[in-house]
Amino acid sequence: MARTPSSRPRKPNAHPTTDKMQAWENIKKLRAEADALDDPKPNAQTVTGVEFAGDPFVYDFDYNVLDARGSAAPPAWQPHRPDLPEKFEGGKRFELVSDYRPAGDQPAAIEALCEAAQEGDKDQVLLGVTGSGKTFTMAQVINRLQRPALILAHNKTLAAQLYGEFKNFFPNNAVEYFVSYYDYYQPEAYVPRTDTYIEKESNINEQIDRMRHAATRAILERDDVIIISSVSCIYGIGSVESYSSMTFVLKPGDRADPQTVTRDLVALQYKRNDVYFARGNFRLRGDALDIFPAHYEDRAWRVLFFGDEVEAIHEFDPLTGKKTADLEAIKVYANSHHTTPRPTLSQAIEKIKAEAKARVEWFEQNGLLIEGQRLKQRTDFDLEMLLATGSCAGIENYSRYLSGRNPGEPPPTMFEYIPDNALVFVDESHVTIPQIGGMFRGDYSRKKTLSDYGFRLPSCMDNRPLRFEEWDAMRPQTISVSATPGPWEMNQTGGVFVEQVIRPTGLIDPPVEIRPVTGQGFTQVDDCIAESRNTIAAGGRVLVTTLTKKMAEDLSEYMHEQGLKVRYMHSDIDTVERIEIIRDLRLGNFDILIGINLLREGLDIPECQLVCILDADKEGFLRSETSLVQTIGRAARNVDGRVILYADSITGSMKRAIDETDRRRAKQVAWNESNGITPQSIRSNIHDILNSPYGKEGVTIGLGADSDATANVKGKGRAKGKAEVLPEAGAPGHNFKTALADLEKRMRAAAADLEFEEAARLRDEIKRLERLELGM
Ligand SMILES: Nc1ncnc2c1ncn2[C@@H]1O[C@H](COP(=O)(O)OP(=O)(O)OP(=O)(O)O)[C@@H](O)[C@H]1O
Ligand SMILES: [Mg+2]
């Protein structure tokens, strides 16, 4: 239900004035061009033409191929909205805890967003200038409306930053993190050209897995849930029906004996292990049954039986065995998102068999014997595993049958778990929305190859991300958030947006100056270095963006030779290190950070006083209006922030970006004058980011008796700084797993020796390292 400007009475701030609409129309066109570059649409040839034109694999199951050729999803498809089960821990309110008070344009924006949401507007856009505190506005809206929320982020660094922020804002509510393994690991794939099969990363990350379970459980059991997710939440997971039916509740006084309960646990994919008690395991000792639930990290449940009755249940610390609470009831969820009730499983197995038989025959008839053989082996093995254990590796590929869906229908996703009253916030929507559209395309060719070469049944293609139209049909009320919203979200609202131009601490848009790229005895590099020196002398930090990798490398080397403390951030640097680099810059371990396309939206670096954009007049994706506005915005969190664009001519993008900045600045200055406000730099604690719940600095622990090495928690490739003296032993990467295994061994040994304090200390260290690996 797209809203038009005239559909509701005018509210201050919520509706653009006519000239703004006009300005918007003008820039929308150009923005669309930039965004097309932002998300290069696969050309029609690769997706629809060449790839399938001579396709030898025209098999019976080719509905997916038809889909990819462009025909819509099956006509009968209706978004599946399962009935959500009654909540076990419902009724809890959101409680926003913060020292901040809404300021600047925040109060009006919060008001406008809440009001429109309550009126039932399906789409809204929050156009808040860079650094205007959009995250805090989102938190306020959630708190005001008391509605669960799903927040989508377009990359891991930002997802982790948001998770840290929301955890701090809502310490008493369920703030969860839901990302795909594929955000961190390689999915299953086959490369025909080199005949390389890449297995799905089988060593799943405990933290991600646990947090995924915590997220799905929380959204079904509580009302006060905020899930921070990457765009991969549009991938398939188990159905709500199976997931919520595969649970059981135990209360003191219940008639139940340990044997029945352990059988139930096995059906939920819990494993018995009386020696090694870890997440997803249970152990039985006499009348005491210990369960380590899938969504907990350092708590477990003990069920005490008396004959065939549950006598008591309590929560305890699995490491020390210390009881932490008495419980009135527990609800056990399955240890896998793909657990399926027996009857459904039996039906599914029959269908898988039938498809496998037909497909193998087809391979054989077409002389593709290796493919046929491969497929037969794989499915036979999987079917045996399914029969015997109720699960198998890569079970999600059978999701069509397990979830009882029709061919071509979308798989269940997180969007079936979130209730109808949930709010979806799409952060940095100009990047995130195009990504949602891109997921299906990227996934499709990978799955198609697997199926073509007999690694998977064709039906595996139904285990896939949602198509854009499907996502659009599934999503509840949505608020797109960006300083530079894209065409899709603006179209959805008919050009209407809620604006945040006045920043909470009165900061104005930084002055933007244009200087020539070259002149007599002058180059942009010399000038940039001279200006950087001035800024550093004044205690500020500098961001520089170049157009190419080569230039970034050369420049950082050159600056280094000039005695400047400089680093370079490029796409090969992983999330953990990116977070560290930004922290080190903020701390002043170095002063200048050079980048190409990474110093953009979302990054919160209040110490940044100078942004230099080299070759700003080279029109293109990297110097589009969106890119310029986002990069310029990094200087908008500091009172002394300023920007230099090096350009010999003024491009359309530059002009629009500068004009818009000027327009905003005028408004901001007027506001400050009429309200007697002196702008202040944003004070965001560096501590807050580093010590976000998932990145605590902790004690450093030796790596074992036979090693002098110290667990260095710093990332690889660290240049300078206090941690340099430490060897790299514990750094994520090569030795990381060994170091973790060693710590774990020592933790268990300590616990066995009843040295619980030492064990707990080691456990915290392990946790910290694991989280560090995730870059949180
Ligand atoms: N009411 C407030 N008072 C003081 N500081 C605030 C307030 N609201 C937000 N901030 C701080 O302002 C800074 C910028 O906020 P935030 O990161 O949410 O900006 P943004 O609008 O999302 O910018 P971007 O477009 O760059 O992502 C943060 O450090 C945040 O902690
Ligand atoms: Mg932001």
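The values are calculated or read from the model by the stated rules, or taken from the named source; none is laboratory data. Given the structure is predicted, the values throughout are model-derived calculations rather than measurements. All Cβ positions, even for glycine, are placed from backbone atoms using ideal geometry, and neighbour counts span all protein chains on display.
Taking G506 as meeting all but one of (1) part of a helix (DSSP H, G or I); (2) away from ligand 2 (no atom under 16 Å from the Cβ); (3) touching a Pro at 6+ places or on another chain (Cβ under 8 Å); (4) not acidic (D, E), write down the number of the exception.
(1)
Only one of (1) surrounded by 19 or more Cβ atoms within 10 Å (Cβ to Cβ); (2) without any contact (Cβ under 8 Å) to a residue 24 or more places away in the chain; (3) charged (D, E, K, R) fails for R359. Which number is that?
(2) is the only condition that R359 fails.
Among the residues of the stretch 479-504, which ones are within 20 Å of S132 (Cα to Cα), in contact with a Phe, Trp or Tyr (Cβ under 9 Å, 6 or more places away or on another chain) and either of a type in the set (F, W, Y) or more than 16 Å from ligand 1 (Cβ to nearest atom) (or both)?
Once the filter is applied, which keeps residues that are within 20 Å of S132 (Cα to Cα), in contact with a Phe, Trp or Tyr (Cβ under 9 Å, 6 or more places away or on another chain) and either of a type in the set (F, W, Y) or more than 16 Å from ligand 1 (Cβ to nearest atom) (or both), the stretch 479-504 yields M490, F497.
Quick one: is R101 away from ligand 2 (no atom under 16 Å from the Cβ) and closer than 25 Å to L162 by Cα? Quick ask: steps written out before the conclusion?
Numbers: away from ligand 2 (no atom under 16 Å from the Cβ): yes; closer than 25 Å to L162 by Cα: yes.
So R101 passes the test.
Which of the numbered conditions does Y177 fail, given that it passes all the others? Conditions: (1) closer than 21 Å to R600 by Cβ; (2) touching a Phe, Trp or Tyr at 6+ places or on another chain (Cβ under 8 Å).
(1)
From E86, E165, E111, E119, which residue is closer than 30 Å to E577 by Cβ and either of a type in the set (D, E) or more than 16 Å from ligand 1 (Cβ to nearest atom) (or both)? Steps first, answer last, please.
Values: E86 fails: closer than 30 Å to E577 by Cβ; E111 fails: closer than 30 Å to E577 by Cβ; E119 fails: closer than 30 Å to E577 by Cβ.
Residue meeting the stated conditions: E165.
Looking at (1) within 16 Å of ligand 2 (Cβ to nearest atom); (2) surrounded by fewer than 14 Cβ atoms within 10 Å (Cβ to Cβ); (3) not hydroxyl-bearing (S, T, Y), which one does Q146 not meet, given that it meets all the others?
(1) is the only condition that Q146 fails.
Just for the stretch 156-197: of the residues that are within 14 Å of ligand 2 (Cβ to nearest atom) and out of contact with any Asp or Glu (no Cβ under 9 Å at 6 or more places or on another chain), which one is modelled with the lowest pLDDT?
Step one: filter the stretch 156-197 for residues within 14 Å of ligand 2 (Cβ to nearest atom), giving 157-166, 169.
When the remaining residues are screened for being out of contact with any Asp or Glu (no Cβ under 9 Å at 6 or more places or on another chain), the result is 157, 160, 166, 169.
Numbers: T157: 77, A160: 82, F166: 94, F169: 95.
Once the filter is applied, the top-ranked residue is T157.
List the pairs whose first member sits in the stretch 375-394 and is more than 16 Å from C460 (Cβ to Cβ), whose second member is of a type in the set (D, E, K, R), and whose Cβ atoms are under 8 Å apart, counting only residues at least 6 apart or on separate chains?
As it stands, the answer is G390/R342, since those pairs meet every condition given.
Taking the options G442, G438, name whichever one is farther than 26 Å from A214 by Cα, free of Cβ contacts under 8 Å to residues at least 24 places away in the same chain and surrounded by fewer than 19 Cβ atoms within 10 Å (Cβ to Cβ). Break it down into steps so the answer makes sense when it comes.
Working: G438 fails: free of Cβ contacts under 8 Å to residues at least 24 places away in the same chain.
From the options G442, G438, the qualifying one is G442.
For (1) away from ligand 2 (no atom under 16 Å from the Cβ); (2) within 30 Å of V669 (Cα to Cα), each residue gets a yes or a no:
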position: M474; (1), (2): yes, no
position: A483; (1), (2): no, yes
position: G494; (1), (2): yes, yes
position: Q500; (1), (2): no, yes
position: P510; (1), (2): yes, yes
position: E531; (1), (2): yes, yes
position: L543; (1), (2): yes, yes
position: K550; (1), (2): yes, no
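What are the residue pairs meeting all of these: first residue in the stretch 125-137, first residue touching a residue at least 12 places away in the same chain (Cβ under 8 Å) and on the phi < 0 side of the Ramachandran plot, second residue in a strand (DSSP E or B) and within 6 Å of ligand 1 (Cβ to nearest atom), Cβ atoms under 8 Å, and 6 or more apart or on different chains?
Between residues of the stretch 125-137 that are touching a residue at least 12 places away in the same chain (Cβ under 8 Å) and on the phi < 0 side of the Ramachandran plot and residues that are in a strand (DSSP E or B) and within 6 Å of ligand 1 (Cβ to nearest atom), the close pairs are K134/G128; T137/G128.
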